[in-house]
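Data first, discussion second: the structure below is written as structure tokens.
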Amino acid sequence: MTAVVDALRALLPAGDLTCALSDALGRGGALDGTFRPVWPGACCAGEAVTVRTFGTDLSPVFGAIEVAEPGSVVVIDSHGIGGAAFWGERTTRAALARDLAGAVIDGGCRDVTAVRRLGFPVFSTAVVPNAGLPGGRGAVNVPIQAGGIPVSPGDLVVADENGVVIVPRDFAASTLERVRVLLAEEQQAFVQADRGVAVPPDATEEGRPRSE
């Protein structure tokens, strides 16, 4: 899995990697469009450390940071709560100290100026000043739902300015290979487009679409 994550991270700077990943997953895998980076240009890739919150309790978020391996992405299922923030400057600093790759929150983030200044990639469905409170409830590294997509611990999370894509752990290696094929095909299509030839995407023999 480490090799797959490293390969995808190497592709991130080119931009729009989540689009190729979604294509490789049959035009699926993306969390809904409410997930946005809290600062322009944010991107990340890593294995998911999942969090299921209880109400506005922040405790499991800090718990996830403490147990996360370097390079992980914290994925928080707050059940769509948009009136309280589950991430901010304190969690960002703690995550950076643990060398985590990013955070994805089905809920609110705050301290966005500090998060941007610190350069930590955060994707959330809301930005709100209200902070949650610790209460000792919630769960870490359990199956969750985020943006209509199931996420399990260890699934691959890739996020850029287009949004967030979840790749099930068991399909990570095959998805990477498919992405490489799609990107090569896309470059050929771009050459034709630059010549004034518009080539629509086709379905592969496996029934999965080529790039647009």
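The values are calculated or read from the model by the stated rules, or taken from the named source; none is laboratory data. Computed from a prediction, not measured in an experiment: that's the story for all the values here. All Cβ positions, glycine included, derive from the backbone under ideal geometry; neighbour counts span all protein chains shown.
Worth pointing out:
- Applying the criterion of being at pLDDT 95 or above and among the hydrophobic types (A, V, I, L, M, F, W, C) to the residues of segment 68-83, the residue that is nearest to Val158 (Cα to Cα) is Val73.
- Pick from segment 82-91, criterion in contact (Cβ under 8 Å) with a residue 24 or more places away in the chain and surrounded by fewer than 24 Cβ atoms within 10 Å (Cβ to Cβ), ranking: farthest from Gln145 (Cα to Cα): Glu89
- If the condition is being among the hydrophobic types (A, V, I, L, M, F, W, C), over 11 Å from the mean Cα position of the chain (by Cα) and within 12 Å of Gly154 (Cα to Cα), then segment 35-50 contributes only Val49.
- Which numbered condition Gly71 misses (of (1) touching a helix residue (DSSP H, G or I) at 6+ places or on another chain (Cβ under 7 Å); (2) assigned to a strand (DSSP E or B)): (2)
- Segment 1-56, subset among the acidic types (Asp, Glu) and more than 25 Å from Pro201 (Cα to Cα), residue surrounded by the fewest Cβ atoms within 10 Å (Cβ to Cβ): Asp6
- Matching entry among Thr53, Thr18 (being under 14 Å from Ala146 (Cβ atoms) and among the polar types (S, T, N, Q)): Thr53
- Ala103 meets all of the listed conditions (1) in a strand (DSSP E or B); (2) over 21 Å from Leu17 (Cβ atoms); (3) not polar (S, T, N, Q) but one, namely (2).
- Residues satisfying the stated conditions in segment 66-81, i.e. under 20 Å from Val115 (Cβ atoms) and over 16 Å from the mean Cα position of the chain (by Cα): Glu66, Ile81
- For Val199: the one exception among (1) modelled with pLDDT of 95 or more; (2) surrounded by fewer than 20 Cβ atoms within 10 Å (Cβ to Cβ); (3) hydrophobic (A, V, I, L, M, F, W, C); (4) not in a helix (DSSP H, G or I): (1)
- Qualifying residue in segment 89-96 (condition: under 18 Å from the mean Cα position of the chain (by Cα) and basic (Lys, Arg)): no
- Scan of segment 161-191 for residues that are within 22 Å of Ala64 (Cβ to Cβ) and crowded, with 17+ Cβ neighbours inside 10 Å, ordered by number: Gly163, Val164, Val165, Ile166, Val167, Ala172
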